[in-house]
Amino acid sequence: MTDTAARAHVCPSCGGRAERPFYEVPDVPVHQVKLVRTRADALGCPKGDIRMCFCPSCGFVWNAAFDPARMRYEEDYESTQAVTPTFNAFHERLALDVIERFDLHGKEIIEIGCGQGEFLTMLAEFGDNRGIGFDQVHRGGGAHPKLEFVKDFYAEPYRHLRPDFVCCKMTLEHVHDTGDMLRCIRRTIGDRPEVVVLFMIPEVTRILDLRAFWDIYYEHCSYFSPGSLARTFRKAGFDPIEVWCDYRDQYVLIAARPGSGNSPILANEEPPEALAPKVTRFAEGVAVDHARWRGWLDRLHRAGQRTVLWGGGSKGVAFLTTLGIRDGVAYAVDINPRRHGTFIAGTGQAIVAPEFLTEYRPDAVLVMSPIYLPEIAAELERLRVRPQRLLSVEAAEHLEAA
């Protein structure tokens, strides 16, 4: 093993060491949700490798091949989920929950990685709070009188700000040096133990149990379980208050306060050794799932069946590029109008609006997350599009019967 490879297997969270990667995928798109305007650009997009490692010391999972210098977060980065009623209902429920849970009424709030400010706006409106959102991809517009947006990182130059609540959703998974980021936030907040910090990220236990390879992609270089997340926060000088899962266990959330990092272990913090057999089962079974999906899609294609993927975001890109599917799935459907007329990075499928299906008439519709099945079924019925198969990608074990 070279010195570079050996360093790559050192855990960025605790300094432990992984013996070897447990899952590898070469040549995947570096970005999943940048708006790609031509098929040629989609096929020729910048690519990188995935080499997933597991730290037996702390339970952290990371992509050892990740290169942060390749990341370009600009205004053509389209990651919003605010176009779907299902996610909006969750977002609203989460905002109301944290307002009640942490008494956020008339408070000062900072959101790190705020995107277009949807969640911060809810916190302002529902709790009469004031807020500042930090994100380099914020496009402006939709201003709320009590909100300000800054196209920058929240770091020590902003230590003069005195927030009561700091939240960060769906951002930490994009950061390789997670400990450095959390320590930076800890220093920026200062020794103010009354401040509550809330983070939400994808939850890795579910990914391992389902062998959800479509939830593993280059941009997501850091993966946490409840236990590994709490341990990382303690190491950075926070005292976790609560850690829990939501959105059908797709997300793990942690609430913490600046402290000593010596707080008691929470009841639902699993030890690192609890994840080890899940990593092994993932590594042993995921290649079978890849082959099953490729074979099923190929059979449909050879039989003249039309298959589309519902979801042109990160999960859809990861599913198609990991399997190398081009001909077997002709289009990706997305309800986000900013994605219409763009193309899937890596495999080149055109991203179309749901109305396109009234002419295309697919035989099979693959849904990237089962939580959206009722919403999608209702939309297909509205369009009077009735495919023979409407199934979630989590149904790999049922493909032969489908």
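Any read-out appearing in this document is the output of simple, stated calculations on the displayed coordinates, not a laboratory observation. All values derive from a computational prediction rather than experimental measurement. All Cβ positions, glycine included, derive from the backbone under ideal geometry; neighbour counts span all protein chains shown.
Which shape class applies to the stretch 98-203: rounded if a/c is under 1.5, otherwise prolate when a/b exceeds b/c and oblate if not, where a ≥ b ≥ c are the square roots of the Cα gyration tensor eigenvalues?
Here the stretch 98-203 falls in the rounded category.
ARG384 to ARG37: extension gain in nm, 0.36 nm per residue of separation minus the Cα-Cα distance? List each step's numbers first, then the result.
Values: separation 347, 0.36 × 347 = 124.92 nm, distance 2.95 nm.
My answer for the length gained is 122.0 nm.
May I ask which residue of CYS114, HIS144, PRO240 lies farthest towards the positive end of the charge dipole of the chain, with charges of +1 (Lys, Arg) and -1 (Asp, Glu) on Cβ and the Cα centre as origin?
Farthest towards the positive pole: CYS114.
How much length is gained if the chain between HIS144 and ARG159 is pulled fully straight, taking 0.36 nm per residue apart and subtracting their Cα-Cα distance, in nm to one decimal?
Once the chain is fully extended between HIS144 and ARG159, it gains 3.1 nm.
Among the listed pairs LYS47/LYS235; LYS146/LYS315; LYS34/LYS169; LYS34/LYS278; LYS107/LYS278, give every one whose C-alpha distance is greater than 30 Å.
Exceeds cut-off: LYS47/LYS235; LYS146/LYS315; LYS34/LYS278; LYS107/LYS278.
Determine the dipole magnitude for the chain: charges of +1 sit on the beta-carbon of Lys and Arg, -1 on that of Asp and Glu, nothing else is charged, the reference point is the Cα centre, and the result goes in debye to the nearest 20.
Result for the chain is approximately 680 debye, rounded to the nearest 20.
If r is the Cβ-Cβ distance from ARG101 to ASP191 and R0 is 22 Å, what FRET efficiency results, to the nearest 0.05?
That pair, ARG101 with ASP191, gives E of 0.40.
Quick one: which of 274-280, 383-389 comes out on top by average Cβ neighbours within 10 Å, and what's the full order, highest first?
Working: 274-280: 15.9, 383-389: 13.6.
Most protected by this proxy first, the peptides run 274-280, 383-389.
Given PRO68, GLY328, GLY285, which one lies farthest toward the positive end of the charge dipole of the chain, if we put +1 on the Cβ of every Lys and Arg and -1 on the Cβ of every Asp and Glu?
GLY328
If the only charges are +1 at each Lys and Arg Cβ and -1 at each Asp and Glu Cβ, what is the size of the charge dipole of the stretch 290-398 around the Cα centre, to the nearest 20 debye? Before the final figure, lay out the partial values.
Working: 14 positive and 11 negative charges, 45 e Å.
Result for the stretch 290-398 is approximately 220 debye, rounded to the nearest 20.
Which percent of Cα-Cα pairs in the stretch 290-398 sits in each 5 Å bin, short to long?
2, 13, 26, 28, 21, 9, 1
Quickly work out the ASP128-to-VAL83 label distance, labels modelled 7 Å from Cα along the C-beta direction, and quote it in nm with one decimal.
Output for this residue pair reads 3.6 nm.
Mean residue ellipticity at 222 nm from the helices of the chain, using -39,500 (n - 2.57) per DSSP H segment of n ≥ 4 over the full residue count, to the nearest 500 deg cm²/dmol?
Values: 11 runs with 119 residues, N = 402.
The helix-only estimate for the chain comes to -9000 deg cm²/dmol at 222 nm.
Ranked highest first by average number of other Cβ atoms within 10 Å, how do 44-54, 148-158 line up?
In decreasing order of mean packing, 44-54, 148-158 become 44-54, 148-158.
With θ set to phi - 60° and the Karplus curve 6.51 cos²θ - 1.76 cosθ + 1.60, what are the ³J(HN,Hα) couplings of the stretch 147-154 in order, to the nearest whole Hz, using x for Gly and Pro?
These are the phi-based 3J(HN,Hα) values: 10, 9, 10, 10, 8, 6, 8, 7 Hz.
Test of understanding: ordering ARG39, ARG186 by Cβ neighbours within 10 Å, fewest first, what list do you get? It would help to have the intermediate numbers written out before the result.
Values: ARG39 15, ARG186 19.
Arranged by neighbour count, lowest to highest, ARG39, ARG186 become ARG39, ARG186.
In the chain, what cysteines have no partner Cβ closer than 4.7 Å?
CYS45, CYS53, CYS114, CYS167, CYS168, CYS184, CYS221, CYS245
From the phi of every residue in the stretch 338-346, what ³J(HN,Hα) in whole Hz does the Karplus formula 6.51 cos²θ - 1.76 cosθ + 1.60 yield, where θ is phi - 60° and glycine or proline is x?
Computed from phi, the couplings for the stretch 338-346 are 5, 8, 5, x, 9, 9, 5, 4, x Hz.
Hey, what does the equivalent ellipsoid look like for the chain, semi-axes from the Cα gyration tensor as sqrt of 5 times each eigenvalue, largest first, whole Å? Don't skip to the end; give the middle numbers.
Values: eigenvalues 239, 137, 73 Å².
Equivalent-ellipsoid dimensions as semi-axes: 35, 26, 19 Å.
What length, rounded to one decimal in nm, is gained on full extension from GLU394 through to ASP298, with 0.36 nm per residue of separation minus their alpha-carbon distance?
Full-extension gain reported as 32.7 nm.
Any idea which of SER392, HIS301, TYR158 is furthest toward the positive side of the dipole for the chain, if Lys and Arg beta-carbons carry +1 and Asp and Glu beta-carbons -1?
Sorting the options by dipole projection puts first HIS301.
Please order LEU147, LEU182 by the number of other Cβ within 10 Å, starting at the fewest.
The order, fewest Cβ neighbours first, is LEU147, LEU182.
Report, in whole Å, the centroid distance computed from the Cα atoms of the stretch 169-202 and the stretch 305-339.
When both Cα centres are located, 33 Å separates them.
Fewest Cβ neighbours within 10 Å first, please rank LYS169, LYS146 accordingly. Numbers along the way, then the final one.
Numbers: LYS169 21, LYS146 15.
Final ranking by Cβ density, sparse to dense: LYS146, LYS169.
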